[in-house]
Amino acid sequence: MRVAIACDHAGVTLKQHLIGLLRARGHEVLDLGTHGPESVDYPDYALKVAEEVSAGRASTGILICGTGIGMSLAANKVPGIRAAVATDSYVARMARAHNDANVLCLGARVIGEGLAEEIVDIWLATSAEGGRHALRVEKIRRIEQRYLRHEEYPQTPIAKV
Ligand code: RB5
C-alpha cells in the first residue's frame with residue numbers, strides 16, 4: 001500500500017516510529033511532515049494527507065496530533081475523506097469495516113507506541129464490509145455533495161442490501 005502520513009509537533013516521535021513499522025511491513029510511505037518539534041498548525045498537515053488520499057495518490061492516510069481530534073476535523077473537510085480517530089483496535093477495525101474510513105487519526109498524547117502499532121496493523125488489514133454499511137457511507141457522500149453543489153439532499157431511494 002502507499003500510505004501518506006503527517007503530524008504536527010505533538011506527533012513527530014510517533015510518526016517516525018510508525019514510518020519504521022510501515023516500511024518493515026513492506027508499505028510505501030509518503031512522509032508529508034512535520035519533521036521537527038517547532039509548533040505548527042495541524043490543519044496544514046491534515047490537508048496534505050487528505051488531498052493525497054482524496055486524489056487517489058495514496059491508498060490510505062495516517063495523521064497524528066496530540067489527540068487526533070484536530071487532524072480528523074480538518075481532514076474531514078476535504079471531499080471524499082472519511083477520517084476517524086481510533087483509540088483502540090476495535091474502533092480501528094469498525095472504522096474500516098463499517099465506515100469505510102480512509103484516514104486514520106491518532107493521538108500521540110493519548111496512546112503509546114505499542115497500541116498505535118496494533119491500531120495501524122488492524123487498520124491496514126481491514127477492508128470495508130459493504131452491504132448495508134455501504135448504503136450509509138453513500139448517504140455521507142450525498143450530504144457532502146449537497147454542500148459542495150448547494151443541492152437538495154437527494155431523496156432518491158438507495159436499494160437495501
Ligand atoms: C497541539 O498542542 C494540539 O492542540 C494538537 O496536537 C491537537 O491535539 C489538536 O487537536
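The values are calculated or read from the model by the stated rules, or taken from the named source; none is laboratory data. Not measured: the values here are computed from a predicted model. A quick note on method: Cβ atoms are made from the backbone with ideal geometry, for glycine too, and the neighbour counts reach across all protein chains shown. SASA here: full protein model, heavy atoms, side chains in, ligands and nucleic acids out. Shrake-Rupley method; radii C 1.70, N 1.55, O 1.52, S 1.80 Å.
Give me the helices (runs of 4 or more DSSP H) completely within segment 1-114, filtered to those with at least 1 residues that are out of contact with any Leu (no Cβ under 9 Å at 6 or more places or on another chain) and closer than 30 Å to Leu135 by Cα, ordered by residue number.
42-54, 69-75, 89-97
What pairs come up if the first residue lies in segment 19-46 and is within 13 Å of Ile64 (Cα to Cα), the second is of a type in the set (A, V, I, L, M) and assigned to a loop (DSSP other than H, G, I, E, B), and their beta carbons are under 7 Å apart, counting only those six or more places apart or on different chains?
Thr34/Val40; Tyr45/Leu32
When you scan segment 90-108, do you find a residue that is more than 14 Å from the chain's Cα centre (by Cα), closer than 20 Å to Leu30 by Cα and within 15 Å of the ligand (Cβ to nearest atom), even just one?
Yes, the conditions are met somewhere in segment 90-108.
Identify all residues within segment 35-60 that are over 13 Å from the mean Cα position of the chain (by Cα) and surrounded by fewer than 22 Cβ atoms within 10 Å (Cβ to Cβ); write none if there are none. If you could, list the steps in order and put the result at the bottom.
The first filter runs over segment 35-60 and keeps only residues over 13 Å from the mean Cα position of the chain (by Cα), leaving 35-44, 55-57.
Once the filter is applied, which keeps residues that are over 13 Å from the mean Cα position of the chain (by Cα) and surrounded by fewer than 22 Cβ atoms within 10 Å (Cβ to Cβ), segment 35-60 yields His35, Gly36, Pro37, Glu38, Ser39, Val40, Asp41, Pro43, Asp44, Ala55, Gly56, Arg57.
Here are some residues: Ser72, Ser59, Ser54. Which one is within 27 Å of Glu144 (Cβ to Cβ) and within 12 Å of the ligand (Cβ to nearest atom)?
On the way: Ser59 fails: within 12 Å of the ligand (Cβ to nearest atom); Ser54 fails: within 12 Å of the ligand (Cβ to nearest atom).
Checking each option against the conditions leaves just Ser72.
Within segment 76-84, identify whether any single residue is of a type in the set (Lys, Arg), more than 10 Å from the ligand (Cβ to nearest atom) and open to solvent by less than 20 Å² (accessible area, probe 1.4 Å), and answer yes or no. First the steps, then the outcome.
Step one: of segment 76-84, the residues of a type in the set (Lys, Arg) are 77, 82.
Next, from what is left, pick out any that are more than 10 Å from the ligand (Cβ to nearest atom): 77, 82.
So of that shortlist, the ones also open to solvent by less than 20 Å² (accessible area, probe 1.4 Å) come out as none.
No, that holds for no residue.
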